[in-house]
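Structure first, then comments.
The values are calculated or read from the model by the stated rules, or taken from the named source; none is laboratory data. Nothing here was measured: the structure is a model prediction, and the numbers come from that model. Every residue, glycine as well, gets a Cβ built from its backbone with ideal geometry; the counts of neighbours run over all protein chains shown. Note: areas computed on protein heavy atoms with side chains; ligands, DNA, RNA excluded. Shrake-Rupley method; radii C 1.70, N 1.55, O 1.52, S 1.80 Å.
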Amino acid sequence: MHAPAQVKEADSPAVRLSQVAITFALKGGGTYQAVRDIDLAVGASEFVAIVGPTGCGKSTLLNAAAGLLKPSAGGADIFGERLSGLNARAGYLFQQDALMPWKTAIDNVAVALEPKGVPRAEALARGREWLGRVGLAAFADRYPHMLSGGQRKRVALAQMLIRNPQILLMDEPFGPLDAQTRQIMGNLLLDLWAQDRKAVMFVTHDLEEAIALADRVVVMSAGPAARIVGDYPVSLPRPRDIAEIRLDPAFHAIHKAIWATLRVEVQKAYAQGEGANA
Amino acid sequence: MHAPAQVKEADSPAVRLSQVAITFALKGGGTYQAVRDIDLAVGASEFVAIVGPTGCGKSTLLNAAAGLLKPSAGGADIFGERLSGLNARAGYLFQQDALMPWKTAIDNVAVALEPKGVPRAEALARGREWLGRVGLAAFADRYPHMLSGGQRKRVALAQMLIRNPQILLMDEPFGPLDAQTRQIMGNLLLDLWAQDRKAVMFVTHDLEEAIALADRVVVMSAGPAARIVGDYPVSLPRPRDIAEIRLDPAFHAIHKAIWATLRVEVQKAYAQGEGANA
Amino acid sequence: ADVEKPKLTLGVGGKPLLYYLPLTIAERKGFFKEEGLEVEINDFGGGAKSLQALVGGSVDVVTGAYEHTIRMQAKGQDIRAVIELGRFPGIVLAVKKEKADAIKSPADLKGAKVGVTAPGSSTNFFVNYLIAKAGGNPKDAAYIGVGGGAGAVAAMKKGEIEAISNLDPVISKLEADGDIVVIADSRTEKGTKEIFGGSNPAAVVYLKQDFIEANPKTVQAIVNAFHKSLKWLETASTDDIVATVPEAYYLGDRALYERAVEASRETYSRTGIIPEDGMKSALGMLTQFDEELAKANVDLSKTFTDTFVKKAAGGS
Amino acid sequence: MRRTTLLAMQVGVGLAFLLVWHLLTAVPVSGGKPLFDPFFFSTPLDVLARTWKDLVSGELWYHLGITLTETVLAFTFGAIGGIAFGFLFARREILASVFDPYIKAANALPRVVLAPIFALWFGLGIWSKVALGFTLVFFIVFFNVYQGVREVSPVVLANARMLGMNERQLLRHVYWPAALTWMFSSLHTSVGFALVGAVVGEYLGSSAGLGYKIHEAESVFDVTGVFSGMLVLAVFVIVIDTFVTAIEKRLTVWQPGTGAATAQG
Amino acid sequence: MRRTTLLAMQVGVGLAFLLVWHLLTAVPVSGGKPLFDPFFFSTPLDVLARTWKDLVSGELWYHLGITLTETVLAFTFGAIGGIAFGFLFARREILASVFDPYIKAANALPRVVLAPIFALWFGLGIWSKVALGFTLVFFIVFFNVYQGVREVSPVVLANARMLGMNERQLLRHVYWPAALTWMFSSLHTSVGFALVGAVVGEYLGSSAGLGYKIHEAESVFDVTGVFSGMLVLAVFVIVIDTFVTAIEKRLTVWQPGTGAATAQG
Ligand SMILES: Nc1ncnc2c1ncn2[C@@H]1O[C@H](COP(=O)(O)OP(=O)(O)OP(=O)(O)O)[C@@H](O)[C@H]1O
Ligand SMILES: Nc1ncnc2c1ncn2[C@@H]1O[C@H](COP(=O)(O)OP(=O)(O)OP(=O)(O)O)[C@@H](O)[C@H]1O
Ligand SMILES: [Mg+2]
Ligand SMILES: [Mg+2]
């Protein structure tokens, strides 16, 4: 029984969303279909960036892959197995603040190792190391409300990465960071990823960032009922340095192609939002 | 008594921070000096962008200008008068989610007119109009938790702008928005600003955005004890279109100059964060 | 004396009440100790609660109303009185001074609001009995539970009630303040005779029959102690009594307390033996208003055991 | 879970409870007596029969009406008072710190002892019972509203203040909705306590009401009567609480709710 | 505000209260009698004198000790029970919905009526009083913890679950700290109620304790004794509450606190 499962696992993509549709019930009786007909496979060592107009359903898709949201139609397979309940193999960096407000930065990071049974002393040591990596060693004993927006995000990043999950779900991880810190964090992420090639689903609003980091950029249409309208492989050489890769001419070509698609969708989204009702 | 005050007001900058230092008390007895020796004046019709490494104290400065945080040294003058208590002439767009979770989008926007005594029916009508402007007319009846990150931010933007305050304090207002929506919102802001030239303090991580929008870009040093290390006037012509202005050669020159300063600070910030203690 | 169970718990519903004065005397005068007993006295929020504690087994012996032994027989609980402490109930029916002209006899209570210690309590039955005896219908009056403390005084003073059926010190307090006029007084021999045509047992010491059978020596010791107490009370002066009870009992108003002691002295049993006619009159009063009891076939001989008290009288 | 399943399970639990009760009180064990002494515990069948009889005879309704009035009044005044003072104290920190020890002390006074004083001030009618219930409800609501107001998210509050809201507007748009869940949590507890207050008040001195009936039954050792009274009380509080819950549902529609993270199926 | 100012103001309020009380009870008005009938209201000087006397004589300490034991036990068990069940029910929604009406009904049973049953089960010693206090504390804590657990921020919870935490770890790292403020809010109320439970229990049947003393004083119309007992109770609960507050402060250091938006001066 063991061998076939292994084979299956090696063959299967880390995340496969098949024919996923997600409909929210609105208070008052109506419904809102956020996404539909989503088919998306993320290979076991693939870095996929997802871009799309605001409110199209990117976070919703990550939630579905994380098992936090049950699709109304279709389903998610994780390494070939239909997901029911939480996706235990994934780490999730939420778009919102999600740190435990009652724990200091170091405790927030160290506690992520507790489910793995790591002894507390070791967890603290590794936590400190990780805080150092995200540039927050000096802020270990601060509670979240005493940190700036960007600092909180980096603590959350350390909290997710310290567990070393096989699948990384990241929702605008570098949103509140300045350009330079963004690059440092991006390179950190790429280094890690290069070590043991995890599957990554990376939501961002920064198309350049998406291209610089990912193997593939997936473009979503405007909602409601958003679909995937573009899927662009990024065949830039690896290892990459985020700052330098932008100078590559191939980078610009890809950027232009994706931007063309994206621009239309964003304008649609804006027009729709302005409309009477979705 | 009336006339001199008027003169004073016309002469005085909308916001003047003089010799401001802000020190936080840490639990456990220590203190953390976030910023010091800050001298910054924002003219009554000036658009000032503030950039700086993450965690340097940008939000802290806005809080001081808003009257939410009392400086430990120095003080803030609003139109020539020393600020004590809240700054009633400012609107503040917070970095975090700050919508009232128990009110729908339209109620969140309309309620901002209540302190002005606008009748409810009119407030609702104007609220709807504003939701339309930020592209969310169709989402008027959603509670905040039913909106995406970018949608929430836009509701907050409408909530602030509908009051038409004389001073706009904006902390990464376009953070969770995609590039295209950012531009649409940026143009919206510029249009408004052109109408009656408010004073704007605009925090952003996107240096290009800062230059495209502002009259002046202020660069802060890395914390702790962050100072203002650069103050660059942006002498690009107005009215501007955000997308197009980036193509202007002058734009690139300014960008380059600011980036040189900023880059050093960010690296410092990162190095410091990694250090043993701040 | 070697008793089977020297450590006893005793239940009482309102120990400072004059109704239970013999208990306090026995305690303070050391009569229990003399008999080789160590008695822990538990005070309850009311007579009913101390009886419940006895049935539940948390106390061994209770000083309570004789009528409880009758009621318990109807409920299938074998509980026996072993010595009588009060021969008159000590309950007084009085009316508000302003109403004294209108209400001269219990029969005039029709439509009146009557304060009783608790609905269904002996003070309630006392009024019922008096109204019925005077030819009225007890159902025609409204009964308000006012308790046996300051609340009862307050109710009368505030004019919440027009008549009151209560015990000392409530009655003495109201009398002293001139708020009431007494209609029927069972604190005295004369008053009790007028009301019941004979004596009417009030406070007694009762125990479970099982306990009596299992610990005869202990029971004898208890009865001896109470008997001594009764004898002492017979001869003691009011001053002696007041000096014997805990100071706390008259802290509120010493004069009032003395007055109440004076008024109650006659009620304490002399012999400790419940007379036949007393038992009958008690049963008669209960069956008149309680259907369940009326149906039950109560054997009065099983409510009181006089052997102990007779022995105690012989011994002393 | 569907409503019918839930209802079935609730009824099931109720029946199971009655069954156990029946087994404990009505079925003799070895000694020939049931496990629970019938002197203290009535059997469910007797209690139901008695309750039914009293309901049919109509007498119970009168007493129930009185107790209901007292409970509703105590609950209303207590809740209003608790809410008002909770807000006041939460907004005026200095008041709160100065009066804090006195409020806590007041909360610790045994109501049973206060009953005569209430009887003196408010008479023996319904108002002394209302006062008793009030003292129970008030403190529970007060402490929760006080805490609830102070727990308002600082960012949401700062935002509202920057919008120029005055104290009244903050109260209406921020503090009140933020404290609502806290308040309702306390209201659920205090519905029960309002009733307890009313009944205890009646028990200690009155001429009508369920507490009076229970006391009467207790004085003559009529356990069935006592249990029947308590049964009526229990049913009664469930009915009142249903109203509270309905209002709560209406006022807190905005909350994510348990189904928040799950899309419609 | 500085600690000394605060203390001064607190003492000031206390003195003002005593003064008003004195004026109402000890100073004769027109009719020659004070406004409050001395039969029902003692004067502050008498009460203080009596309390002092009892304290010095040493008798009070014994009774105080008993009541303290009961209160602490009732509070501890009630709080533990309320917390445990609150968590259990909040985490097992189905349990909560099924048992909801029964819990509410149980909360509405008048404890005064239950006293004999408690005496039957737990004897007349301290345990029946503990049981009485328990039934008061339990429900207050229960409802608050239940609500507190359900109010956990959905995002923080989702994050913790994604970190792989099991139920036990969630409890420890998420639910417990999130429910703490709710819990303490309820604990402040329930300290008072634990004491009330103990005293009422003693009042209804016991051989020692403050409730016993108060009952004794009440039956002989010794208002000074009654008021003195209540004074001792009040002081007593303030002391216990101080402990609760100290623990609360320690456990909720992480909260922004009132000074959050203000930098150090
Ligand atoms: N609980 C909900 N109920 C109803 N509609 C919802 C709910 N959650 C999200 N939506 C809607 O679903 C759509 C997709 O939301 P989602 O958060 O996935 O957007 P997004 O792509 O992450 O946007 P952003 O870039 O702004 O974060 C939005 O239009 C949003 O309004
Ligand atoms: N309440 C507080 N207690 C202690 N330190 C604080 C507190 N609030 C902020 N700080 C510190 O002050 C510094 C400035 O914070 P601030 O939020 O102003 O940064 P920022 O420039 O807005 O950063 P970002 O771009 O990440 O939002 C940070 O290092 C932060 O850790
Ligand atoms: Mg999103
Ligand atoms: Mg910031």
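Here is the interface size for B with A: some 3800 Å² of accessible area buried, both sides summed, with a 1.4 Å probe.
Rg(Cα) of the stretch A:39-107 divided by 2.2 N^0.38 Å?
After normalising by residue count via 2.2 N^0.38 Å, the value is 1.28.
Calculate log10 I(q)/I(0) of the stretch B:56-185 for q = 0.12, 0.15, 0.18 Å⁻¹, where I(q) comes from the Debye formula with a single equal point scatterer on each Cα and nothing for solvent. At q = 0.12, 0.15, 0.18 Å⁻¹ the computed log10 ratios are -0.49, -0.74, -0.99. Using every pair of distinct Cα positions in the stretch C:182-316, the Kirkwood expression returns a hydrodynamic radius of 17.2 angstrom.
Between the beta carbons of residue A:253 and residue A:141, assuming R0 = 56 Å, the FRET efficiency works out to 0.70 to the nearest 0.05. The long axis of helix A:2-11 is offset from the longest Cα principal axis of chain A by roughly 60 degrees.
Counting every alpha-carbon pair across the stretch D:130-173, the share separated by more than 16 Å comes to 51%. For the peptides A:28-34, A:137-143, the ranking by mean Cβ contacts within 10 Å, running from highest to lowest, is A:137-143, A:28-34.
Within 10 Å of each Cβ in peptide E:168-180, how many partner chain Cβ atoms are there on average? Round it to a whole number, please.
Working: counts 0, 3, 1, 0, 2, 8, 4, 0, 1, 4, 3, 0, 1.
Average per residue, whole number: 2.
Projection of the Cα convex hull of chain A, averaged over all directions and equal to a quarter of that hull's surface, yields 16.4 nm². Treating each Cα of the stretch C:1-57 as an identical point scatterer and summing with the Debye formula, the log10 of I(q)/I(0) at q = 0.15, 0.25 Å⁻¹ comes to -0.46, -1.03. The convex hull of the Cα atoms of the stretch C:104-241, projected and averaged over all directions, covers 10.7 nm². In this simple spin-label approximation, residue C:302 and residue E:167 carry label points 7 Å from Cα along the Cα→Cβ vector, and these lie 5.5 nm apart.
Label points for residue D:76 are taken 7 Å from Cα along Cα→Cβ. From this copy to the others they lie 4.4 nm apart, shortest first. Largest GNM mean-square fluctuation among D:229, D:82, D:123, using chain D with Cα springs under 10 Å: D:123. With R₀ fixed at 45 Å, the C-beta to C-beta distance from residue D:69 to residue A:88 puts the FRET efficiency at about 0.20. With label points set 7 Å from Cα along Cα→Cβ, the inter-copy distances at residue B:237 are 4.4 nm, sorted shortest first. Inter-copy label distances at residue E:9, using a point 7 Å along Cα-to-Cβ, come to 5.0 nm with the shortest given first.
Rounded, prolate or oblate: which one fits the stretch A:222-261, using the alpha carbon gyration tensor with axes a ≥ b ≥ c (rounded when a/c is under 1.5, else prolate when a/b beats b/c, else oblate)? The shape class here is prolate. Between the stretch D:190-253 and the stretch A:78-103, how many Å separate their Cα centres? Going from one Cα centre to the other spans 48 Å.
Geometric descriptor of chain C, per residue, is 117 Å³ (volume of the convex hull of the Cα atoms).
For chain C, calculate the relative contact order in percent as a whole number, restricting contacts to Cα pairs under 8 Å that are 6 or more residues apart.
Once divided by the residue count of chain C, the mean separation gives 28 percent.
In the full protein context, the protein assembly as shown carries 38 Å² of accessible surface per residue, based on a 1.4 Å probe and ignoring ligands, DNA and RNA.
Using the Cβ of residue C:188 as centre and a radius below 15 Å, the other residues enclosed give a net charge of 0, where K and R count +1 and D and E count -1. The length gained on full extension between residue B:121 and residue B:260, counted as 0.36 nm times the residue separation minus their Cα-Cα distance, comes to 44.9 nm. Taking the axis that rotates chain A onto chain B, the chain A residue nearest to it by Cβ, with the distance rounded to whole Å, is A:175, 3. Ordering C:287, C:74, D:101 by the projection of their Cα atoms onto the charge dipole of the protein assembly as shown, which places +1 on the Cβ of Lys and Arg and -1 on the Cβ of Asp and Glu, puts D:101 at the extreme positive end.
Give me the mean projected area, in nm² to one decimal, of the convex hull enclosing the Cα positions of chain D.
Seen from a random direction, the Cα hull of chain D projects 19.7 nm² on average.
Classify the stretch D:1-62 as rounded, prolate or oblate, taking a ≥ b ≥ c as the square roots of the eigenvalues of its Cα gyration tensor: rounded when a/c is under 1.5, otherwise prolate if a/b is larger than b/c and oblate if not.
Details: a/c = 3.95, a/b = 1.18, b/c = 3.36.
Oblate.
When +1 charges are put on Lys and Arg Cβ atoms and -1 charges on Asp and Glu Cβ atoms, the dipole computed for the protein assembly as shown relative to its Cα centre reaches about 2140 debye. How tilted is helix B:149-161 with respect to the longest principal axis of chain B? Cα atoms for both, answer in degrees (0 to 90, nearest 10). The two axes meet at around 80 degrees.
Reducing the stretch C:197-239 and the stretch C:132-173 to their Cα centroids gives an inter-centroid distance of 30 Å. In terms of overall dimensions, the C-alpha atoms belonging to the protein assembly as shown reach 126, 89, 56 Å along their principal axes, ordered largest to smallest.
Inter-chain neighbour count for D:193-203: the average number of beta-carbon atoms from partner chains within 10 Å of each residue's beta-carbon is 4.
Order of C:221-229, C:284-292, A:101-109, A:260-268 by packing, highest average Cβ count within 10 Å first?
Going by the mean number of other Cβ atoms within 10 Å, highest first, we get C:221-229, A:101-109, A:260-268, C:284-292.
Between 0 and 90 degrees, the angle of helix D:44-57 with respect to the longest Cα principal axis of chain D falls at about 80 degrees. Computed over the stretch A:96-164, the P(r) curve from all C-alpha pair distances, binned at 10 Å from the origin, holds 24, 61, 15, 0 percent per bin.
Between the listed residues A:219, A:29, A:255, the Cα displaced farthest toward the positive end of the dipole of chain A, a dipole computed from Cβ unit charges relative to the Cα centre, is found at A:29. For E:215, A:255, A:145, the ranking by accessible surface with the largest value first comes to A:145, A:255, E:215, using a 1.4 Å probe.
Treating r as the C-beta distance of residue D:76 and residue C:7 and R0 as 41 Å, the FRET efficiency rounds to 0.20. With one equal scatterer per alpha carbon and no solvent term, the Debye-computed log10 I(q)/I(0) for the stretch D:52-188 at 0.12, 0.17 1/Å reads -0.60, -0.94. Please report how far the C-alpha centroid of the stretch A:202-225 lies from that of the stretch E:83-97, rounded to the nearest whole angstrom. Spelled out, the Cα-based centre of one part sits 42 Å from the other.
Packing, taken as the mean count of other beta carbons within 10 Å per residue, orders the peptides B:162-174, B:242-254, E:191-203 from highest to lowest as E:191-203, B:162-174, B:242-254.
Using all pairs of distinct alpha-carbon atoms, the Kirkwood hydrodynamic radius of the stretch A:91-250 works out to 16.6 angstrom.
Working value for the stretch E:110-265: equivalent-ellipsoid semi-axes of 40, 21, 10 Å, each the square root of 5 times a Cα gyration tensor eigenvalue, largest first. With a ≥ b ≥ c the root eigenvalues of the C-alpha gyration tensor of the stretch B:170-278, is it rounded (a/c under 1.5), prolate (a/b larger than b/c) or oblate? Prolate, because a/c is 1.5 or more and a/b exceeds b/c. Report the local net charge at residue D:78: Lys and Arg +1, Asp and Glu -1, summed over other residues whose C-beta lies under 13 Å from its C-beta. Once positives and negatives cancel, what remains is +1.
Can you pull the mean other chain C-beta count within 10 Å for peptide C:54-66?
Details: counts 0, 6, 11, 4, 10, 5, 0, 0, 0, 0, 0, 0, 0.
What the average comes to for C:54-66 is 3.
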